[in-house]
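Here the structure comes first, spelled out in structure tokens, and everything after it is commentary.
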Amino acid sequence: MKVVQEEGKVLSNLEVAASIFLLDLRLPQAAKIAQPGQFLHLRISPLCDPLLRRPFSIHRTKPEKAEVSILYQVVGRGTELLSQKRPEESLDCLGPLGRGFTIPKGAGQFILVAGGIGIAPLIFLAESLLQKKGKGVVFLIGATSENYVLYKKELRCWGATVEVATDDGSEGHRGPVTDLLMQRLDRFAGNPQIFACGPEGMLQKVTQIALQRGIPCQLSLEQRMACGLGACLGCVVNTRSGYRRVCVDGPVFPASEVIFE
Ligand SMILES: Cc1cc2nc3c(=O)[nH]c(=O)nc-3n(C[C@H](O)[C@H](O)[C@H](O)COP(=O)(O)OP(=O)(O)OC[C@H]3O[C@@H](n4cnc5c(N)ncnc54)[C@H](O)[C@@H]3O)c2cc1C
Ligand code: FES
């Protein structure tokens, strides 16, 4: 696989909810070839702090404008520095990297389950599914509170059915987003396919629900990364076919493969 390294130009970097930023980059090659579920590996500073690149899912692309967006949460040094990037500054970007989501033929309904910032890659997937299929996308958003419920209006406008769960009950169902998944599956007798991204506990529960009901499910996993290119083995996860590298064998894996530890 040829690795693309591009100098991205920051177009905007806006705080869309407390500590959540939307970064728009001019990144012509990546915008053209990125697939939902792939990620960019960003060198956040030209200095050696932080030394390692940081991985972020590709959140949206606009190939006609040569733009790629990242949706990220500030959690530490790297993301704090990223949040300080201003328009016209540049960012060294590797990618798109990794294996993204596979869209199976014949699925009757696509159920996307997002927990917190795990919504980032699923928006790209939802847009892509709706462009291809026009309907049949159910998007379940899990957030801590109403202030963190992102993209509800846009998703409805694009044609998705949207349901919301919040931890504090300030919007939608009070409780985990996996409650919505179970309710939806109880009501739907077709041939669904589940795609999920979010905290590990949520992914574990989604996997349990999918396996119990024999429903195909793909998970986008997060793991700390170093090289991002398959060389250092710093990002391995345990699977039924042995240890696999999240950066090149994933980040998207069939839920039936993943062993949670
Ligand atoms: C394939 C992939 C896609 C990702 N996509 C996104 C995205 O779209 N948006 C987003 O906000 N984040 C995403 N992440 C997580 C993001 O890479 C980390 O939050 C970021 O690297 C943290 O850097 P930092 O220097 O700010 O934090 P650090 O100072 O390095 O760490 C701060 C805290 O975050 C935890 N942490 C750091 N990296 C990870 C990680 N990879 N997974 C889980 N916990 C971590 C640490 O344990 C620590 O508690 C993704 C990770 C992967 C592997
Ligand atoms: S980060 Fe080096 S092998 Fe995945």
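Bear in mind that the values in this text are calculations on the coordinates, not laboratory data. Since the structure is predicted, the reported quantities are computational estimates derived from the model, not experimental observations. Positions of Cβ are generated from backbone atoms using ideal geometry, with glycine treated the same way; all protein chains shown enter the neighbour counts.
The alpha carbons of the chain give a radius of gyration and a Dmax of 17.6, 55 Å, in that order. Once backbone amide H atoms are built at 1.01 Å from N, residue 195 has 111, 112, 113, 218 as its partners under 5 Å, excluding neighbours fewer than 5 places away on the same chain.
The amide H of residue 167, built 1.01 Å from its N in the peptide plane, has 143, 144, 145, 175 as neighbours under 5 Å, considering only residues 5 or more places off or on other chains. Counting only residues at least eight positions apart within a chain, or on another chain, the aspartates and glutamates with an alpha carbon under 14 Å from that of residue 32 are 6, 64, 67. Taking a ≥ b ≥ c as the square roots of the eigenvalues of the Cα gyration tensor, an a/c ratio of 1.5 or more together with a/b larger than b/c marks the range 79-228 as prolate.
Phi angles of the range 182-194 translate, via the Karplus equation with coefficients 6.51, -1.76, 1.60 and θ = phi - 60°, into HN-Hα couplings of 5, 4, 5, 5, 5, 8, 10, 9, x, 10, x, 9, 10 Hz per residue; Gly and Pro are given as x. As a calculated quantity, the FRET efficiency between residue 208 and residue 238 at R0 = 25 Å, using C-beta atoms, amounts to about 0.90.
Remark: the range 124-130, residue by residue, has Karplus-estimated 3J(HN,Hα) of 4, 5, 4, 4, 5, 5, 5 Hz, where x stands for each Gly or Pro and the curve is 6.51 cos²θ - 1.76 cosθ + 1.60 at θ = phi - 60°.
Computed log10 I(q)/I(0) for the range 174-222 at 0.25 Å⁻¹: -0.98, from the Debye equation with unit scatterers placed on every C-alpha and solvent omitted. Lys-Lys pairs in the range 109-257 that are eight or more residues apart or on separate chains and whose Cα atoms lie under 26 Å of each other come to 7. Between amide H atoms placed 1.01 Å from N, distances below 5 Å from residue 12 occur with 24, all of them 5 or more places distant or on a separate chain. Across the range 103-110, coupling constants 3J(HN,Hα) worked out from phi with the 6.51/-1.76/1.60 Karplus curve, θ = phi - 60°, read 9, x, 7, x, 6, x, 8, 9 Hz, and Gly and Pro carry x. Residue ranges 155-164, 13-22, 45-54 sort as 155-164, 13-22, 45-54 when ordered by packing (mean number of other C-beta atoms within 10 Å per residue, highest first). Spin-label model, residue 89 to residue 16: label points 7 Å out along the Cα-to-beta-carbon direction sit 2.0 nm apart.
Residue-normalised convex hull volume from the C-alpha trace of the range 5-97: 85 Å³ per residue. Note on the range 168-261: Rg/Rh from C-alpha atoms, Kirkwood Rh, equals 1.04. Beta bridges per DSSP, both residues in the range 5-97: antiparallel share near 100 percent. Hydrodynamic radius of the range 138-211 by the Kirkwood approach over all distinct alpha-carbon pairs: 12.8 Å. Note on the chain: with charges restricted to the Cβ of Lys and Arg (+1) and Asp and Glu (-1), its dipole about the Cα centre is near 800 debye.
Overall, the range 109-257 carries a charge dipole of about 460 debye about its Cα centre when +1 sits on the Cβ of Lys and Arg and -1 on the Cβ of Asp and Glu, all other atoms neutral. Size of the range 12-160 from its Cα atoms: along the principal axes, largest to smallest, the extents are 49, 35, 24 Å.
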